[in-house]
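The values are calculated or read from the model by the stated rules, or taken from the named source; none is laboratory data. Here the structure is a predicted model, which is why all the values come from computation and not from measurement. No Cβ is skipped: glycine too gets one built from the backbone with ideal geometry, and neighbour counts run over all protein chains shown. Calculation scope for accessible area: heavy atoms of the full protein, side chains included, ligands and nucleic acids excluded. Shrake-Rupley method; radii C 1.70, N 1.55, O 1.52, S 1.80 Å.
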Amino acid sequence: MKKTITLEAMDPIEIFGVGNKILEEFCTYFPGLKVVARGNELIVEGKSSQIEEFNIRFGELVERRHRKMNLTVYDVEDIFDGEHSAGKFRLSGDAIIVHGTDGKPIRARNKTQQEMVKAYFDSDLIFAVGPAGTGKTYVAIALAVRALKNREIKRIILTRPAVEAGERLGFLPGDLKDKLDPYLQPLYDALGDMIPSKRLQEFMTDGTIQIAPLAYMRGRTLDRACVILDEAQNTNIGQLKMFLTRMGPNAKFIVTGDASQVDLPNKEDSGLLKGIDLLRDIKGISTIFFSNEDIVRHPLVGKIVKAFDKRRKEQDDK
């Protein structure tokens, strides 16, 4: 199907932006459509349902221009990701968190993820603990991206301890970033699902989004930020305390981890569960426990986790 959308009594640059920058941002939410701008017309080609959605959203963009002096790419983000208020999230944890770079909505996929979404608005510190594949980190990053797009925060800071998962990486060439990237790649992957690559690079360059090893958090005060500590089972109690005491005013902290996958030389040194137990009675802190039933990866992942858990339990009982 093909549809032509005509701008009436309006300079196209007011909607499309200089160099079509605003239009390009708008089209990232419709990767399945072919969109061509010709003068004051847009020629849109693709599936009828997607064209209809494009037309509705584009009408919202035009209406927004009538109410504002100038449009920016942030107006596009508001249209797609800013319509779900915090109140709605509290009532319905399955509301859309953000739209992915492929245009698909990202929302909580099970009851426990919904609880995590709701907890984000009720608490400034959240612990999300459970097995691999439950989407703990993914949901945390989606919430952070949503908050950034809604300008509720000024920056996102993602961190994790640089602990090798049973392997020895040895000497790695390159600068510090090159050496640390293998540890941080899962965080880059999640961000890449939610923020177009060009925009993500801009955010990384100007410091709006920062990814760093846990050791680099020492001495900082983190304000107006959503700060996520991933793989927290590989921190000791002292490192966890150091991280949590970085919290400044108007900050949100999310700590994720899997207590069954401790990569420290002495597994008893893990401070994740110890920290949760220590802080359990403090108001403003929420703890969400995921189980094997919450795994959202390939169906085999849940069976694999159960098999390993059974083996570990048998060894513990000996």
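Quick rundown of the values:
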| item | result |
| --- | --- |
| Per-region count, the range 309-318, residues at pLDDT 75 or above and either surrounded by 13 or more Cβ atoms within 10 Å (Cβ to Cβ) or outside any helix (DSSP H, G or I) (or both) | 1 |
| Long-range neighbours under 9 Å by Cβ, at least six apart or interchain, first residue in contact (Cβ under 8 Å) with a residue 60 or more places away in the chain within the range 112-124, second among the hydroxyl-bearing types (Ser, Thr, Tyr) and open to solvent by less than 20 Å² (accessible area, probe 1.4 Å) | THR112/THR134; GLN113/THR134 |
| Failed item in (1) among the acidic types (Asp, Glu); (2) at pLDDT 90 or above; (3) open to solvent by 60 Å² or more (accessible area, probe 1.4 Å); (4) in contact with a Leu (Cβ under 8 Å, 6 or more places away or on another chain), with ASP178 passing the rest | (2) |
| Residue satisfying condition, being touching a helix residue (DSSP H, G or I) at 6+ places or on another chain (Cβ under 7 Å) and either small (Gly, Ala, Ser) or free of Cβ contacts under 8 Å to residues at least 40 places away in the same chain (or both), within set GLU60, GLU53, GLU25 | GLU60 |
| Count - residues of the range 6-20 that are open to solvent by 20 Å² or more (accessible area, probe 1.4 Å) and either within 20 Å of ARG67 (Cβ to Cβ) or in a loop (DSSP other than H, G, I, E, B) (or both) | 7 |
| Flag for GLY46 being at pLDDT below 90 and farther than 18 Å from MET10 by Cα | no |
| Single condition PRO31 does not satisfy, out of (1) assigned to a loop (DSSP other than H, G, I, E, B); (2) more than 18 Å from PRO196 (Cα to Cα) | (2) |
| Qualifying residue in the range 122-131 (condition: open to solvent by 20 Å² or more (accessible area, probe 1.4 Å), of a type outside the set (A, V, I, L, M, F, W, C) and more than 13 Å from the chain's Cα centre (by Cα)) | yes |
| Subset tally (residues that are within 19 Å of ILE97 (Cβ to Cβ), part of a helix (DSSP H, G or I) and open to solvent by 20 Å² or more (accessible area, probe 1.4 Å)) for the range 189-198 | 3 |
| Qualifying position, being of a type in the set (A, V, I, L, M, F, W, C), touching a Ser or Thr at 6+ places or on another chain (Cβ under 8 Å) and either within 30 Å of GLY302 (Cβ to Cβ) or open to solvent by 10 Å² or more (accessible area, probe 1.4 Å) (or both), among ALA259, ALA215 | ALA259 |
| Residue in the range 28-49 that is nearest to MET69 (Cα to Cα), counting only those that are touching a residue at least 40 places away in the same chain (Cβ under 8 Å) and out of contact with any strand residue (DSSP E or B) (no Cβ under 7 Å at 6 or more places or on another chain) | THR28 |
